[in-house]
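Right, one structure below, let's go through it.
The values are calculated or read from the model by the stated rules, or taken from the named source; none is laboratory data. Because the structure is predicted, anything quoted here is derived from the model rather than measured. Here the Cβ positions follow ideal geometry from the backbone for every residue, glycine too, while neighbour counts run over all protein chains shown. The area values use the complete protein model at the heavy-atom level, side chains included, leaving out ligands, DNA and RNA. Shrake-Rupley method; radii C 1.70, N 1.55, O 1.52, S 1.80 Å.
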Amino acid sequence: MTWSEYHESTKHSVESLKRAPHLLDWANMPDPFRQYEGVPVLDLPADPPAPEIPALAVLNGVSGSTSAGDGAAFLSRLLFYSAAISASKRVPSTGDRYALRVNPSSGNLHPTEFHFLTRGLNAWPDGLYHYRPSSHMAEQRALGDLNFNLADSDSFAPVVFVLASIVWREAWKYRDRAYRYCLHDIGHAWQALALAAQAIGCDAFAFGHFRDDEVSQCCGLEPDEWPMLIVELRGRSIPVGERHACQPVWYGGHVNQISIETTAYPRIEEIHAATKLGRHAQRSIPATEPAPTGSGEIKLPCAASSQRTFGEVARRRRSALNFQGGMHSISLPQLSAILSVASRPFSCDFAGAHFIQLYLYLHRIDGLQPGVYRLWPGRAELEHIRSGDQRVVAAGLSLGQDLAGNACVAFSMIGDLERAVRAHGDRGYRYVHFEAGAIGHRLYLAAEAFGLAATGIGAFYDEEVHRYLNIASRRGQVVYHFAIGYPVPDSRLSA
Ligand SMILES: Cc1cc2nc3c(=O)[nH]c(=O)nc-3n(C[C@H](O)[C@H](O)[C@H](O)COP(=O)(O)O)c2cc1C
């Protein structure tokens, strides 16, 4: 199966939803926490200090600093502000509570697992670890100098993350379309990690180009868990000490069963196989054609500022269930700030030239007429595409979800899949979705910095969006929707 066959076959339409209704088998709902039993488990200190640098500064590329500490303190801080549990919600019918995390996830199903290698951290043994968010601990799957160069980089980084997806968790609910959501979730998790790293003074570089099976083997991943992105962390704020050579010891561990049974989704297996890189994959990444440029009649003003700290914003970020559709609006300088952080470059080996273009359905922005606009980030300009109230259309295109109409602004992210695949082969299909998730994550944090909220929207009528925006499929296809506004309070939530 090629990327385009998979993409085509997983498009939503009114007919496709009627043709194949899906009842959820709640008794078989996948456990969102993978645990490796029988391995040493290392404590990460509780309540690590919050990064005080303003979130908007981090989103604009400024680095924070870290308080001196050892490896455990560093890792605790990094993970507490990128992947930990940050709130819970109560199920009204049963009174049960379920966990929410710093990184968002489609359906809160959390397919993404965080594995990491460490080398030479102060008072922290070199080895391979798996993060256990349910108790904020690190499972030690191997100890010693493992000598893996997972991303084929020129020198060893002291901390290397491998973000992996357990696709079944998403497929349980979203069936064949789940692969797309797993890729988005990886994009969110990547930015959650990279921005937390930057807030505590180190740099993160992501590699999408690696030999999948070799990385799976090095990390001892189960067959149901697929490596998707490697993120290397470097920088002076990482507490590195003297290294003591130590022979590797492999513990591995036994994984918990996450469902009573799993259903096979051959289309997902096939698209994953089509996007894998094998033993003969070239080390170097081909250059990508530049993104198209253009201009619009509305110049975005200077960006508004916000002093809310990264620590507060990262941990308070929540998806709005719905937005207050009344009179509240967003100022144009706030919109300008949000769009500017979404357009900043990424530190990675695959999105040097952006693949995503943002279309905006503006409902309530001070000083701008409601309508559809296209962002030209190079010139910080908006091009007016359509006039008139877009609230009903934005909700309708988002599978009838009211939140896209009640928001102040909704987005269609249009991915240049053809250009990505010309540069990277079918692997490019992953990269476009990673980028969409990563932009979404920046939008979440920027919205939160202004006291607003956001919601990622994976469900939309693909072809209806193309028709409405008048986009030919060779020019791009919709890969993600998003909405920002004033959230309706959620009484089920507690911090
Ligand atoms: C890729 C992606 C797709 C999502 N799609 C939708 C959606 O279509 N509708 C919706 O209401 N929420 C959607 N969400 C929001 C999730 O439901 C939300 O992230 C999850 O419940 C966890 O809550 P939190 O973001 O507050 O941690 C999506 C989130 C992600 C990351």
Q: Just the number, please: carbon plus sulfur as a percent of the accessible area of the chain, 1.4 Å probe, no ligands or DNA/RNA counted.
A: 52
Q: Compute the Rg/Rh shape ratio of the range 22-133: radius of gyration over Kirkwood radius, all on alpha-carbon atoms.
A: 1.02
Q | Bins of 10 Å, starting at 0 and running to the largest distance - Cα pair percent for the chain | A | 4, 20, 32, 28, 13, 3, 0
Q: Sort the following peptides by mean Cβ neighbour count (other Cβ atoms within 10 Å, averaged over residues), highest first: 393-401, 208-216, 252-260, 30-38.
A: 393-401, 208-216, 30-38, 252-260
Q: Note down the Stokes-Einstein diffusion coefficient of the range 206-337 in µm²/s, whole number, using a Kirkwood radius over alpha carbon pairs, 25 °C, and 0.890 mPa s.
A: 112
Q: Provide the per residue accessible area, probe 1.4 Å, for the chain, rounded to a whole number of square angstrom.
A: 40
Q. Non-local amide H neighbours of Ile385 (under 5 Å, H modeled in plane, Pro and chain starts lacking H): which ones?
A. Val372, Tyr373, Arg374
Q: For the range 418-484 and the range 173-207, write down the distance between their C-alpha centroids in whole Å.
A: 14
Q: Taking the Cα centre of the range 292-440 as origin, work out the dipole magnitude from +1 charges on Lys and Arg Cβ and -1 charges on Asp and Glu Cβ, in debye rounded to 20.
A: 360
**Q.** J(HN,Hα) series, the range 368-378, from Karplus relation 6.51 cos²θ - 1.76 cosθ + 1.60, nearest Hz, glycine and proline x
**A.** 10, 5, x, x, 9, 9, 10, 8, 10, x, x
Q. Tell me, what ³J(HN,Hα) does each residue in the range 379-391 have, in order and in whole Hz, if you take phi through Karplus 6.51 cos²θ - 1.76 cosθ + 1.60 with θ = phi - 60° and put x for Gly and Pro?
A. 10, 6, 10, 10, 9, 7, 9, 8, 9, x, 5, 10, 5
